[in-house]
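The values are calculated or read from the model by the stated rules, or taken from the named source; none is laboratory data. Source: prediction; values computed, not measured. Positions of Cβ are backbone-derived with ideal geometry, glycine not excepted, and every protein chain shown enters the neighbour counts. The protein model used for the area step is the full one, side chains on, heavy atoms only, and it has no ligands, DNA or RNA in it. Shrake-Rupley method; radii C 1.70, N 1.55, O 1.52, S 1.80 Å.
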Amino acid sequence: MARTDAINSLQTDRTTPSDTTGATGSGPPGAATESGIGLRSASKPLSWWARARRDKVLLLMALPGLVLLLVFHYLPLLGNLIAFQEYLPFVPFGRSAWVGLDNFAVIFNGDAEFLNALKNTLLITLVQVIFVFPAPIALALLLNSLLSERIKRIVQSVLYLPHFLSWVIVIAIFQQILGGSGLINNFLRSHGMGTIDFLGNPDGFIALLTSQVIWKDTGWGTILFLAALTQIDPGLYEAARVDGASRWRQLWHVTVPGIRGLIILLLILRLGDSLTVGFEQIILQQNLVGRPASEVLDTYVYNNGVLAGQWGVSAAVGLVKGLVAVVLVIGANKIAHIFGEAGVYQK
Amino acid sequence: MSTVQKLQNGIDDGPAMSSRVLKTVVLAVCCAVVIVPFLGVISTSIASQQHVTNSGGFVLWPDAFNLDAYKSIFNGGVVQRALLVSIVIAGGGTLISLAGSTMLAYSLSRPGSFGQRPILMIVLFSILFSPGLIPNYLVVKQFGLLDSLLALILPTAISGFNVIVLRSFFMGIPESVLDSARIDGAGDFRIFWSIVLPLSRAVLAVVGLFYAVGYWNAFFNAMLYISDTAKWPLQLVLRTYVINNTELSSGDLGGAAADQLPPQESIQMAILVVSLVPILIVYPFLQRHFAKGMLTGAVKG
């Protein structure tokens, strides 16, 4: 969800400049300041202080939300400084000793536990890009080709639902189906076959994670693609048909190019998340499969930081992870621009 | 949408029979994969004791309508308390989030207002970068919020994304409506309260429900910040007693020690159903609005 959220917002913002000018242009220019009631569509520039005074109510209204964002989003960014400290939780903040890059040694010296977490993270990302990413595209194309609007609605209602469940609920449901006394194993037992350990099997852990993500979010993921599909000019299909294109050729030459921009956009955002994989989902199931198979960077930070008290080292890993994500998004966006795609944001 | 489809399917000779059958089967399987587990969860929570025991703990279709499991969890024990906590967090949190977000979004939606650019940047960047687990934890700790329900509300109270959605909706309200109110002498707050908010009911419903679902589902923050079991929200109870399979004693459930309990599986599934119900109740409303509320102006490209 967080991903699609970000896209929506960025795209929204891209449309705002024109909105703004549209709104200002519609008012009677100049009339506002002369009548002295402080309309903001003024053509005469006001001084800095006069504008602040005029908008004091607006500024006050923005304040609570802004403070919450600053305190709980931007202050923690500063908190990343403990990555450079020998942080002790019971000493007041800022009194811990500065240790320079010592905490980063675990990353650069190739600590085995860290490397294992990194390996698992990248492996899970790779598997999910291959299996999770295309699933909503395929489902959206399938839904889009349905004849009946009503059936489409019903199917959508059903398939969107799991997205709104918490990970705790999703995993509880999976346990009921796949667990030792779950539906499938009961069936196998009652038919005299051996049971399968789906949940505690380290080799199958990535498959388990992947199937859970697909179950939860594939339906929801179709929303964006379905919206993009409606934007394709129907004339293109007509033209393709006149040229004798079969339905598959139409799909390949009209539909796919029509949603290519969105696919690339989502891939870029996915890249930014490549070091972030299903934290809640994994923490909840880690006991069953053990840490070697399930440790990813986020769980490494949690287990070593909050639980084992290595605050500085964990913050260092978290910081590097965040920086890598930013670099990946910006880099991928550059590449998208080079190939003439819109990317996540414009230059 | 409909024109595309007509062109694709109406004028065209339509897909072949075989592909139509294949489509139906694929979609039916997809729907079944979602529906069957829900059915099983609800069935297990209401089936009779013997039925649950005989079928090894999970029932697909109940043989009876037996509310014992629900009676036992609403006996005043840990589940009932957690339900109350979850309701308080979701209700109070949604109010705080909506108040903060709508006011912030409104002030960002007035063209040319003072300080708009930098504030907008602050909101946008908060969507792109997340500060990381450890620093978040330390900030909550520094503010003395550990083991306080506020720790489950304040850190996630403002979602930059929701602010942007609200802002783009507010910007769509015709400026002339607001100007005429201004000429009648209304101040910014008055305009926001008496004109903008009433015009924005649909988007307020969507954003409010998104916040509410977020608070209801939040599990990790509770695990991180709340150690006092009396303040556990429902998701932590689910984790402990359903996923980790900790046995619920009748003491946990607020009953006398000698009470005969329904099978653990039924109790677990009853807790699961209780935590599902609010989502299932708000879902139709969400469903009606989200496509509209989320996509208007959002996905134009």
Q: Relative to the compact-globule scaling 2.2 N^0.38 Å, provide the ratio for the alpha-carbon radius of gyration of chain B.
A: 1.28
Q. A:ASP102 versus B:LEU95, label points 7 Å from Cα toward the beta carbon: distance in nm?
A. 4.9 nm
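Determine the sum of side-chain charges near A:TRP48: Lys and Arg each +1, Asp and Glu each -1, restricted to other residues whose C-beta is under 12 angstrom from that of A:TRP48.
Values: positive: A:ARG51, A:ARG53, A:ARG54; negative: A:ASP55.
Surrounding charge for A:TRP48 is +2.
Just to make sure I understand: if all protein chains stay in place, what is the order of A:ARG247, A:ARG270, B:ARG81 by accessible area at 1.4 Å, largest first?
Of A:ARG247, A:ARG270, B:ARG81, the descending order of accessible area is B:ARG81, A:ARG247, A:ARG270.
Hey, what's the Kirkwood Rh for the protein assembly as shown if you take every pair of different alpha carbons, in angstrom?
On the way: mean 1/r = 0.0368 Å⁻¹.
Hydrodynamic radius (Kirkwood, Cα pairs) of the protein assembly as shown is 27.2 Å.
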Q: At 20 °C and 1.002 mPa s, grab the translational diffusion coefficient of segment A:161-293 from Stokes-Einstein with a Kirkwood Rh over Cα pairs, rounded to a whole number in µm² per second.
A: 118 µm²/s
Q: Based on a Kirkwood Rh over C-alpha pairs, give the Stokes-Einstein translational diffusion coefficient of segment A:53-172 at 37 °C and viscosity 0.692 mPa s in µm²/s.
A: 159 µm²/s
Q: Name the most mobile residue of B:VAL196, B:VAL41, B:VAL139, meaning the one with the largest mean-square fluctuation, in a Gaussian network model of chain B with Cα contacts below 10 Å.
A: B:VAL139
Q) Under a plain spin-label model, where a point goes 7 Å from the Cα along Cα-to-Cβ, how far apart in nm are A:LEU88 and B:VAL21? A) 7.6 nm
Q: As a check on your grasp of the helix formula, calculate [θ] at 222 nm for the protein assembly as shown: sum -39500 (n - 2.57) over DSSP H runs of n ≥ 4, divide by the residue count, round to the nearest 500.
A: -20000 deg cm²/dmol
Q. Where does helix B:116-128 land angle-wise versus the long Cα axis of chain B, in degrees 0 to 90, nearest 10?
A. 30 degrees
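Determine the shape class of segment A:200-249: with a ≥ b ≥ c the square roots of the Cα gyration tensor eigenvalues, call it rounded for a/c under 1.5, and otherwise prolate if a/b is greater than b/c, oblate otherwise. Walk me through the intermediate numbers first.
Working: a/c = 7.78, a/b = 2.66, b/c = 2.92.
Taking the square roots of the gyration eigenvalues as a ≥ b ≥ c, segment A:200-249 is oblate.
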Q) Using the alpha-carbon atoms, what tilt in degrees (0 to 90, nearest 10) does helix B:17-46 show relative to the longest principal axis of chain B? A) 60 degrees
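Dipole of chain B, Cα-centred, from +1 at each Lys and Arg C-beta and -1 at each Asp and Glu C-beta, to the nearest 20 debye? Provide the component values of the computation, followed by the final result.
Details: 17 positive and 14 negative charges, 184 e Å.
Result for chain B is approximately 880 debye, rounded to the nearest 20.
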Q: Shielding by partners for B:29-36, please: the mean number of other protein chain Cβ atoms within 10 Å of each residue's Cβ.
A: 5
Q. In what sequence, highest mean first, do B:131-138, A:262-269 appear when ranked by Cβ atoms within 10 angstrom?
A. B:131-138, A:262-269
(Q) Counting other C-beta atoms within 10 Å, and keeping those with at most 16, which DSSP coil chymotrypsin sites (Phe, Trp or Tyr not before Pro) do you find in segment B:22-66? (A) B:PHE65
Q) Where the centre of each part is set by its Cα atoms, how far does segment B:86-108 sit from segment A:216-238, in angstrom? A) 32 Å
Q | segment A:186-270, accessible area per residue, ligands and nucleic acids excluded (1.4 Å, Å²) | A | 49 Å²
(Q) If DNA, RNA and ligands are ignored and the probe is 1.4 Å, what is the ranking of B:ASP63, A:ASP298, B:ASP228 by accessible area, most exposed first? (A) B:ASP63, B:ASP228, A:ASP298
Q) Taking Cα atoms, how many degrees apart are the long axis of helix B:264-295 and the longest axis of chain B, rounded to 10 and kept between 0 and 90? A) 20 degrees
(Q) Need one number: buried accessible surface between chains A and B, 1.4 Å probe, both sides summed, DNA, RNA and ligands left out, in Å² to 100. (A) 10200 Å²
Q) Over all pairs of distinct alpha carbons, what does the Kirkwood formula give as the hydrodynamic radius of segment B:109-161, in Å? A) 13.0 Å
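Take the residue pairs A:LYS216/B:LYS231; A:LYS56/B:LYS141; A:LYS119/A:LYS334; A:LYS216/B:LYS23 and return only those whose Cα atoms are more than 23 Å apart.
Values: A:LYS216/B:LYS231 28 Å; A:LYS56/B:LYS141 33 Å; A:LYS119/A:LYS334 26 Å; A:LYS216/B:LYS23 21 Å.
Flagged as over cut-off: A:LYS216/B:LYS231; A:LYS56/B:LYS141; A:LYS119/A:LYS334.
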